[in-house]
Amino acid sequence: MPRSATTGFHSGVVVARNPEAGRALADRLGYGYASDVGRRSAPIIVNVTPIGMAGGPEENDAAFDEATIAKAHTVFDVVALPSETPLIKAARAAGVHVITGAEVIALPGR
């Protein structure tokens, strides 16, 4: 059974700049693959890249454009520092529910 079926997400698209890694992850999860977001939208968007991370080369960038962010119901950015990344700021400004990387770090272990 694909891992995605056990987590509650039955479909998805992995968007990755690295086609080899992106396709491999998409295949492992049973998801589609795309090299860019394009006109796609989704109820949940997740950034698992260092885009927006303090001190990184893309610290002032958001992983998704404002139109994509505004169409989402939830935006999750795993970047913890800063907790208010450009992606999280844009989602808050659009009135979209957010989950920050800082919140995840603060969750107690099981």
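The values are calculated or read from the model by the stated rules, or taken from the named source; none is laboratory data. As the structure is a computational prediction, the values presented were derived from the model and not from experiment. A quick note on method: Cβ atoms are made from the backbone with ideal geometry, for glycine too, and the neighbour counts reach across all protein chains shown. What goes into the accessible areas is simple: the full protein's heavy atoms, side chains included, and nothing from ligands, DNA or RNA. Shrake-Rupley method; radii C 1.70, N 1.55, O 1.52, S 1.80 Å.
In this label model, D61 and E103 are separated by 2.5 nm, measuring between points 7 Å along each Cα→Cβ vector.
Between S35 and F9, the FRET efficiency from the beta-carbon distance, with R0 = 22 Å, is close to 0.60. Does anyone have the angle between helix 19-29 and the longest principal axis of the chain? Alpha-carbon axes, 0 to 90°, nearest 10? Once rounded, the angle reads 70 degrees.
Positive-end ranking of A63, V13, A90 along the dipole of the chain, with charges on Cβ about the Cα centre, is headed by V13.
Given the choices [x] 8.5; [y] 10.0; [z] 7.5, mean projected area of the Cα convex hull in nm² derived from the coordinates of this structure is entry [z]. Taking every protein chain into account, the accessible area of the chain amounts to 66 square angstrom per residue (probe 1.4 Å). The label-point distance for T74 and E20, in a model that sets each label 7 Å from Cα toward Cβ, rounds to 3.4 nm. Taken about its Cα centre, the chain carries a charge dipole of roughly 420 debye when the Cβ of each Lys and Arg holds +1 and the Cβ of each Asp and Glu holds -1.
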